[in-house]
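The values are calculated or read from the model by the stated rules, or taken from the named source; none is laboratory data. Keep in mind that this is a model prediction, so the values were computed, not measured. All Cβ positions, glycine included, derive from the backbone under ideal geometry; neighbour counts span all protein chains shown. Each accessible area value is taken on the protein alone, full model and side chains, heavy atoms only, with ligands, DNA and RNA left out. Shrake-Rupley method; radii C 1.70, N 1.55, O 1.52, S 1.80 Å.
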Amino acid sequence: YSAAQATGAPNVGSHGDNARAWASKAADAGEEWLELTFAQPERAEGVRIIQSFNPGAIIRIQLAGETGAFVTVWTGPDATVYPRGEIGVLSVAFPPTAQPVARVKVVLDTKSVSGWNEIDAVELIAAQVPEEPPLLQYGLTSDDEPSLEFPSWPAGFALQHATSLSPPDWTNYAIAPPARFESAAGPAFFRLVSVP
């Protein structure tokens, strides 16, 4: 019944009292809490709590980074309708966190659902954060004829050029750095696109 029982994947197969789940020291004692630390902190957009016995007592979910105070992301009471005699899952979604989450604190009001309220597992749902677009670095040459130099860009991208954006007329300009563009050639727009 220790806090360690709420770590890792769910391992309680059916609703009922089971020592492989976390349980508070006493039943119906009022406010109790469980704190879990995740080995790989990551930005999150949700939490799933697998309640293997007497679900519905959770009243608050809080998150924290490796340092810093807890921030509340959900408060109850839990309005989920849990079928009698079945494991209950509380799924809470929230906007992606700005910083990686390392700790989750689950607060229960054990008086609200009679008997021991047991938790089998707590899952942190990783945020689907779009990757930052790669940056294209450039500079002006010091030659008599001004030109743009593109000394480098990330692997896996090709440099494209367009003379108009309305309508766009993108064409491949270079598939690997470095690249040079003679500015006398007219209007110029550049972008990086991923290549297979």
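Observations, loosely collected:
- Interchain or long-range residues, amide H under 5 Å from Val73's placed H: Ile61, Gln62, Leu63
- If the Kirkwood radius is taken over C-alpha pairs of region 1-105, then at 25 °C and 0.890 mPa s the Stokes-Einstein diffusion coefficient equals 167 µm²/s.
- One equal scatterer on each Cα of region 147-196, no solvent, Debye formula: the resulting log10 I(q)/I(0) at q = 0.17, 0.26, 0.32 Å⁻¹ is -0.49, -1.02, -1.28.
- With θ taken as phi - 60° and the Karplus curve 6.51 cos²θ - 1.76 cosθ + 1.60 applied, the whole-hertz 3J(HN,Hα) list for region 60-73 is 7, 10, 10, 10, 8, x, 5, 10, x, 7, 6, 10, 7, 10 Hz, x standing for glycine and proline.
- Most to least accessible of Glu86, Glu149 (protein chains only, probe 1.4 Å): Glu86, Glu149
- Region 167-196 and region 69-94 have Cα centres spaced 51 Å apart.
- Using a Förster distance of 45 Å, the FRET efficiency for Ala29-Ser194 (Cβ separation, nearest 0.05): 0.20
- Area accessible to solvent at Tyr82, 1.4 Å probe radius, in Å²: 40 Å²
- Near Ser24, the amide H atoms lying under 5 Å from its own belong to Asn117; only residues 5 or more places off or on other chains count, and H is placed 1.01 Å from N.
- Solvent exposure, largest accessible area first (probe 1.4 Å, DNA, RNA and ligands not counted), of Lys111, Lys105: Lys111, Lys105
- Here, P(r) means the percent of Cα pairs in each 10 Å bin from 0 to the largest distance; for region 41-91 it is 22, 47, 25, 6.
- Two-site FRET efficiency, Ala126 against Ala19, from Cβ-Cβ distance with R₀ of 25 Å, rounded to 0.05: 0.25
- Amide H contacts under 5 Å for Val101: Glu42, Arg43, Ala44, restricted to partners 5 or more places along the chain or on a different chain, H placed in the peptide plane at 1.01 Å from N.
- With θ taken as phi - 60° and the Karplus curve 6.51 cos²θ - 1.76 cosθ + 1.60 applied, the whole-hertz 3J(HN,Hα) list for region 9-25 is 6, x, 9, 9, x, 8, 4, x, 5, 8, 5, 7, 10, 7, 9, 5, 4 Hz, x standing for glycine and proline.
- Taking only Cα atoms of the chain, radius of gyration then Dmax in Å: 27.0, 84
- Pairwise FRET efficiency - Gln137 versus Glu66, Cβ, R0 = 22 Å, nearest 0.05: 0.10
- Where Leu192, Leu36 fall by accessible area, highest first, once all protein chains stay in place (1.4 Å): Leu192, Leu36
- The mean sequence distance of close C-alpha pairs (under 8 Å, at least 6 residues apart), as a share of the length of the chain, puts its relative contact order at 24 percent.
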